[in-house]
Each structure stands twice: as C-alpha cells, then as structure tokens.
Amino acid sequence: MRRRLFLLHMAAWCLTPGLVLVRPNLALSTTRETDKVTKTDAEWQQILTPEQYQILRRAGTEPPFSSPLNAEHRPGTFVCAGCQAPLFTSESKFDSGTGWPSFFIAIPERIETKIDFHLIYPRTEYHCARCGGHQGHVFNDGPQPTGKRYCNNGLALNFIPLETERSPSVPNG
C-alpha cells in the first residue's frame, strides 16, 4: 500500500508541469505568500453560493450524508471550491461512515491547521492554505498509512475527474 501511494504521488508530481497547459489553476507548485488569494467578504459572497460562503468563510458545517462527493469514486483531484487549489487526490479518499467526504492524506503544503474550541473541547480545524477557506477537521482515527481522517465538507470542494485533467482544451468554433 505504501509503495502504491508513493508511486501515485510521484506520478502526480510528474504530471504537474503538463497540467499548466491544460488547467493552469491546478498547477500550483507550492503555496507561497504570493500565491495567496485574498478577497473581501462581498467578493466571496459574489462567487460562492450562500451555503459555500457559510462553510468556507464562516467555518460552518453541512449536514452529514448530504454531499454527492460521498459517492464520488472516479480517479481525479478534489480542489478547494473557493480558489480551485488542489487539496486531495482520489487515491486518498475513503468511506469513513461519518457522512462527509474523508481523506487520509492531503496534498503537501495545501492545507493549514489551527485548534478551534467551537464545541468546547479542542479540535484541529484545517483550511485551504491558498485562500484560507474552512474545509473541515482532522482526526486521528483514520486508516493507515497515516492514521488521519480529514473530514471535509463536500460543499467546500469541487471534484475534477482525471479524464478532465488530461483532456486538452478544445477551442470553440
């Protein structure tokens, strides 16, 4: 399992330069200060649905078992719904039975964490390193090899199937 995961990650890194030509917003190498996305509240409200705004900008939570991404099993990439930064690969997704899309590893340097006390006891919240959008919480009850469970709000993500990532753009007309 570790070798397969390593090979999948290496393949993803090798494909990254090719993604620049196909989908420039997927080809972020690492999150640097210059890559940060900053918008006003009004700008976020214009580009996000009210539900996405509540989750991504106000650390809300969608109801369990409400996301179609729970049933998403195709190869591809899960990206932040706010800025389209790649956060997880489909190889790291698993069914946690909690009702939210869950992953056992994030793409390196794509998320940042902080401790929140919204439920009185401390939990580790994670958010997109590029735009700061709240994604969910990480727990230490996931599968190996990491033992982590990144419990994500489905509305905070978009899914890009692998065949879309590899397809060249077709000009109109």
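The values are calculated or read from the model by the stated rules, or taken from the named source; none is laboratory data. Since the model is a prediction, treat every value here as computed from it, not as a measurement. Don't worry about glycine lacking a Cβ; one is built from the backbone with ideal geometry, like all the others, and counts go over all protein chains shown. When the accessible area is computed, the model is the full protein with side chains, heavy atoms only, and any ligands, DNA or RNA have been set aside. Shrake-Rupley method; radii C 1.70, N 1.55, O 1.52, S 1.80 Å.
Just a few scattered comments:
- Test set (1) out of contact with any strand residue (DSSP E or B) (no Cβ under 7 Å at 6 or more places or on another chain); (2) open to solvent by less than 40 Å² (accessible area, probe 1.4 Å); (3) not acidic (Asp, Glu) - Ser102 fails condition number: (1)
- Residue selected from the stretch 150-173 under the condition open to solvent by 30 Å² or more (accessible area, probe 1.4 Å) and at pLDDT 95 or above, by the criterion nearest to Gln54 (Cα to Cα): Leu155
- Listed by position, the strands (runs of 3 or more DSSP E) contained in the stretch 65-173 that have at least 2 residues being without any contact (Cβ under 8 Å) to a residue 60 or more places away in the chain are 111-119, 121-128, 134-139, 149-152.
- For Ser67, the conditions (1) out of contact with any Leu (no Cβ under 8 Å at 6 or more places or on another chain); (2) hydroxyl-bearing (Ser, Thr, Tyr); (3) under 24 Å from Trp44 (Cβ atoms) all hold with the exception of (1).
- Residue within the stretch 33-46 that is open to solvent by 70 Å² or more (accessible area, probe 1.4 Å) and either of a type in the set (A, V, I, L, M) or closer than 19 Å to Trp100 by Cβ (or both) present: no
- Test: Gly142 is modelled with pLDDT of 95 or more, at positive phi and surrounded by fewer than 21 Cβ atoms within 10 Å (Cβ to Cβ): no
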